[in-house]
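Below is one structure; the comments refer to it alone.
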Amino acid sequence: MDAPDIDHDAIAAAARALEQGRLVAFPTETVYGLGADAENPQAVARIYAAKGRPQDHPVIVHIAPEGDLAHWAADIPPEAQQLAAAFWPGPLTMILRRAPGIPDAVSGGQDTVGLRSPQHPVALALLRAFKGGQGGVAAPSANKFGNVSPTTAQHVRDEFGADGTVDMVLDGGQSQVGIESTIVDMSRLATHGPVLLRPGHISPEAIAAVIDMLPVAPDAAAPRASGTLESHYAPHTPVAMQDSATLVETLARLRDAGRSAALIHYSSLPHQGPEVRLPAEPEGFAHALYASLRAMDHCGADVILVEAPPRDAAWMGVNDRLRRAAHGSTGIVHGLLQRDIPE
């Protein structure tokens with residue numbers, strides 16, 4: 001990505017704010033995070049309060065590439081070291097056994113902790129300035145719990161306003177990846193192998209190429225992880241995902257019924273209302289997805305219709321986020337077509 005200019009005074013002020021137990025929003029290559037000192041339970045509690053996040057829903061701890069992984073994790077298998085060497089800094093989160101002394105506030109009360117080193121120059125500058133580069137910043141996405149994650153500093157400001165909840169917002173431009181990190185559980189390697197808890201930019205095949213083990217689907221005993229609830233990443237307007245052919249018919253039927261639809265698509269589709277056309281490849285689609293959902297959410301439409309992406313492995317992360325965004329809107333199109341048109 002193009003490196004933004006680093007405002008070193010702002011970085012120093014943000015590091016001081018974190019050390020004082022305050023909240024700082026900052027950019028990563030995936031989405032913007034709402035950060036607090038991971039070793040300060042009171043500061044972490046401020047994240048949960050600001051987001052309205054359930055207390056048992058863990059957060060991810062961000063560390064500098066030079067940080068001491070053993071300070072955070074009690075058991076670091078060689079395969080985890082290999083993944084860190086291959087993908088950090090980058091959009092991979094590993095779940096490991098939490099080290100003694102690391103507060104359970106960051107893990108939702110579990111004995112594991114999610115760790116990653118982000119690949120964004122502003123995030124890296126902040127992590128290196130905070131506690132001399134040896135601290136950890138707990139940082140879920142900088143939005144109200146369950147809402148669409150922010151990919152610009154303005155999204156964060158729109159989400160939290162000027163109520164003083166967030167003490168600083170560092171602006172690092174638009175997030176390059178655009179969806180949250182891949183999460184792989186490495187805490188039960190001996191018994192379960194690597195477990196994919198959340199798909200993202202780094203694919204299971206890329207992980208397998210490094211450790212010669214393909215991550216498997218989560219089982220019932222898998223650790224809880226950030227962003228894995230069935231309904232998540234959702235705008236206020238209901239979302240429905242349909243294949244291209246069905247979408248054309250649905251748009252026509254909604255129009256005839258006097259209903260309004262906002263459209264997110266990647267192929268040529270006829271539509272007379274608000275729309276955004278995204279690149280027809282997974283990286284470009286992911287980069288623009290959350291900003292597009294936010295934009296369409298402000299159009300006053302009855303529903304946001306999304307052209308369903310392909311089902312192949314390259315689109316796994318995008319499909320995961322869209323499935324969660326649409327989870328609470330089951331039957332919305334049918335309901336709109338059955339309801340009487342308001343006078």
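The values are calculated or read from the model by the stated rules, or taken from the named source; none is laboratory data. Quantities reported herein were computed from a predicted structural model and do not represent experimental measurements. Virtual Cβ from ideal backbone geometry, glycine too; neighbours counted across all protein chains shown.
Structure summary
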read-out	value
Answer residue from the range 111-125, given it is in a strand (DSSP E or B) and in contact (Cβ under 8 Å) with a residue 60 or more places away in the chain and is nearest to residue 30 (Cα to Cα) among those	116
Whichever residue in the range 28-51 is among the aliphatic types (A, V, I, L, M) and touching a Leu at 6+ places or on another chain (Cβ under 9 Å) and, among such residues, is nearest to residue 148 (Cα to Cα)	34
Test: residue in the range 62-78 that is closer than 21 Å to residue 141 by Cβ and surrounded by fewer than 18 Cβ atoms within 10 Å (Cβ to Cβ)	no
Looking only at the range 165-207, and only at residues there that are among the small types (Gly, Ala, Ser) and over 24 Å from residue 36 (Cβ atoms), the one that is surrounded by the most Cβ atoms within 10 Å (Cβ to Cβ)	203
Set 99, 36, 73, 85: member being assigned by TED's automatic domain parsing to the domain that holds residue 161, out of contact with any Pro (no Cβ under 6 Å at 6 or more places or on another chain) and under 27 Å from residue 291 (Cβ atoms)	36
The range 85-137, residues that are touching a helix residue (DSSP H, G or I) at 6+ places or on another chain (Cβ under 7 Å) and small (Gly, Ala, Ser)	86, 99, 105, 125, 129, 133, 136
Residue within the range 132-153 that is part of a strand (DSSP E or B), under 17 Å from the mean Cα position of the chain (by Cα) and aliphatic (A, V, I, L, M) present	yes
Single match in 225, 220, 240 (criterion: closer than 21 Å to residue 57 by Cα and crowded, with 19+ Cβ neighbours inside 10 Å)	225
Single residue of 185, 163, 111 found to be more than 19 Å from the chain's Cα centre (by Cα), within 27 Å of residue 224 (Cα to Cα) and among the charged types (D, E, K, R)	111
Helices (runs of 4 or more DSSP H) completely within the range 1-88 that count 3 or more residues being farther than 16 Å from residue 126 by Cβ	41-51, 69-72, 78-87
Residue 145 being surrounded by fewer than 20 Cβ atoms within 10 Å (Cβ to Cβ) and hydrophobic (A, V, I, L, M, F, W, C)	yes
Matching residues in the range 181-217 - criterion: being under 20 Å from residue 60 (Cβ atoms), in a helix (DSSP H, G or I) and small (Gly, Ala, Ser)	206
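The rows are residues; the columns are (1) at pLDDT 95 or above; (2) more than 15 Å from residue 133 (Cβ to Cβ); (3) of a type in the set (Val, Ile, Thr).
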{"residue": "12", "(1), (2), (3)": "yes, no, no"}
{"residue": "42", "(1), (2), (3)": "yes, yes, no"}
{"residue": "46", "(1), (2), (3)": "yes, yes, no"}
{"residue": "55", "(1), (2), (3)": "no, yes, no"}
